[in-house]
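Here the structure is laid out as structure tokens; the discussion comes afterwards.
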Amino acid sequence: MPTIQPDEPPSELPEVEAGRLPDRYRDRMQDQFLARALPRLRPGVRILDVGAGRAPTLAPKTRPTGCWYVGTDRSAEELDAAPPGAYDETIVSDVTEPFPRADRFDLVLSWQVLEHVGDVGDALRQMGECVVPGGLLLVQTSGSRAVFSVASRMMPHRARVFAMERLLGVPAEEKFPTTRQPKTEASLRAALTGFSSVDVLPFYRGAAYFRFSRALQRLYVVYEDWAAADRRPDLATHYLVAATR
Ligand SMILES: C[S@@+](CC[C@H](N)C(=O)[O-])C[C@H]1O[C@@H](n2cnc3c(N)ncnc32)[C@H](O)[C@@H]1O
């Protein structure tokens, strides 16, 4: 199933309407990503989806005519698990290493991959190399100082998978080991060199990780409200990077 379904309703909306989550949970983070991708979705656009694995970021129905959509991942097994028609082409490659082809793309996408890579700076540099002049790099990642990221680094990977399955109902095959690499607003900006413009949008959206306990979730939201109101972008839970080459 593609990661961004344009018509899917925001999953946290009922909780916002019940007064359990603040208003910033009303919209989907996916829609901010999609809003930046849409102007680039012109006929014949060439798109590279990095760390695409079993779920392409953009659904085939959102791609324009003549679009060439390449999925790349370091795991051939993950790419093979994608549904038929997910990609026009797949390439097995590690994003921290030079892209194995001379092709360049109008739009390079990556959804929730940076938290799993060995070196975020290398990954952003290599993704940037794949973008044509004037093209766009769009990356969504979790923040390394988010409470759930800190907690997950303190657990062995197996314990994390177990907790995610038992407490949050996330299937084990969707959990990949995370790395300790910093991902904050400051570190992402510092790594994004060689672009004509860089926009890093912080989100404060970690409540889903505490949905197994209402009391804990309430406490967490108080903390997150403070981080959001006090504009502490290095404590954000997620970032959307939009960088034009
Ligand atoms: C959480 S999944 C996200 C998959 C997909 N982007 C999505 O939206 O569902 C992370 C993916 O990143 C891939 N990955 C992890 N490290 C990578 C690397 N260094 N280079 C390329 N892909 C990598 C994993 O194999 C996995 O498919």
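Annotations for the structure displayed:
- Long-range neighbours under 8 Å by Cβ, at least six apart or interchain, first residue under 18 Å from Pro133 (Cα atoms) within the range 91-115, second among the charged types (D, E, K, R) and within 10 Å of the ligand (Cβ to nearest atom): Leu109/Asp49
- Filter result (over 21 Å from Ala243 (Cα atoms) and of a type in the set (Phe, Trp, Tyr)) within the range 1-43: Tyr25
- Selection within the range 56-66: residues that are in a loop (DSSP other than H, G, I, E, B) and more than 12 Å from the chain's Cα centre (by Cα). The member of this set that is nearest to the ligand (Cβ to nearest atom) is Ala59.
- Residues of the range 200-222 that are modelled with pLDDT of 95 or more and either within 12 Å of Phe148 (Cβ to Cβ) or surrounded by 14 or more Cβ atoms within 10 Å (Cβ to Cβ) (or both): Val200, Leu201, Pro202, Phe203, Tyr204, Arg205, Gly206, Ala207, Leu216, Gln217, Tyr220, Val221.
Here is a yes/no grid of residues against (1) exposed (fewer than 14 other Cβ atoms within 10 Å of the Cβ); (2) within 22 Å of Leu34 (Cβ to Cβ); (3) of a type in the set (Asp, Glu); (4) at pLDDT below 95:
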| residue | (1), (2), (3), (4) |
| --- | --- |
| Cys67 | no, yes, no, no |
| Ala76 | yes, no, no, no |
| Pro83 | yes, yes, no, no |
| Asp88 | no, yes, yes, no |
| Ile91 | no, no, no, no |
| Pro100 | yes, no, no, no |
| Asp106 | no, yes, yes, no |
| Cys130 | no, yes, no, no |
| Pro133 | yes, no, no, no |
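- Residue match in the range 15-24 (condition: assigned to a loop (DSSP other than H, G, I, E, B), under 14 Å from Pro60 (Cα atoms) and aliphatic (A, V, I, L, M)): no
- Residues in the range 1-38 that are surrounded by 13 or more Cβ atoms within 10 Å (Cβ to Cβ) and of a type in the set (Ser, Thr, Tyr): Thr3, Tyr25.
- Matching residues, the range 121-138, being near the ligand (Cβ under 9 Å from one of its atoms) and in a strand (DSSP E or B): none
- The listed residue being at pLDDT below 95, within 13 Å of the ligand (Cβ to nearest atom) and part of a loop (DSSP other than H, G, I, E, B), out of Gly53, Gly118: Gly118
- Checking the range 81-98 against the condition returns a match, with at least one residue being within 18 Å of Val241 (Cβ to Cβ) and within 13 Å of the ligand (Cβ to nearest atom).
- Any hit, the range 143-156, residues being among the basic types (Lys, Arg), free of Cβ contacts under 8 Å to residues at least 40 places away in the same chain and part of a helix (DSSP H, G or I): yes
The values are calculated or read from the model by the stated rules, or taken from the named source; none is laboratory data. This one's a predicted model, so the numbers in the text were calculated from it and none came from an experiment. No Cβ is skipped: glycine too gets one built from the backbone with ideal geometry, and neighbour counts run over all protein chains shown.
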